[in-house]
Amino acid sequence: MKHYPPEFKADAVALYESRPEATIKQIAADLGVNPETLRNWIRDAGASRPRARRAAEPPAVPVAPSALEAEVAALRRENAELKKEREILRKAARYFAAETG
């Protein structure tokens, strides 16, 4: 059984909370952990996705964005998610490198 540091677990839960469109299975695959392991971490952390709150928030711009503005916004969100994932994977790599070395 693998042992994951608490920081990695917390980062994985935070990633889950920040990506309401992604499933546990997708996030677990991205991080290289078992989906049930991630599900347990989420349950232990008492995490929930703030779907209702996000839906109730007014749009940042009162005018409907053009197609390009919407695409830029989506790409910025995706970029932020990828940066979080990369940082989590870097931390995991450092941890496992130290553990084996």
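Derivation of every value follows stated rules applied to the coordinates shown; laboratory data play no part. Here the structure is a predicted model, which is why all the values come from computation and not from measurement. Glycine gets a Cβ as well: all are built from the backbone with ideal geometry, and neighbour counts include every protein chain shown.
When ranked by the protection proxy of mean other Cβ atoms within 10 Å per residue, highest first, what sequence do the peptides 72-79, 39-46 form? The partial results should precede the final answer.
Values: 72-79: 11.1, 39-46: 13.5.
Per-residue mean Cβ counts within 10 Å order the peptides as 39-46, 72-79.
Through the Karplus equation 6.51 cos²θ - 1.76 cosθ + 1.60, θ set to phi - 60°, convert the phi angles of segment 75-86 into ³J(HN,Hα) values in whole Hz; use x for Gly and Pro.
5, 5, 4, 4, 4, 4, 5, 5, 5, 4, 4, 4
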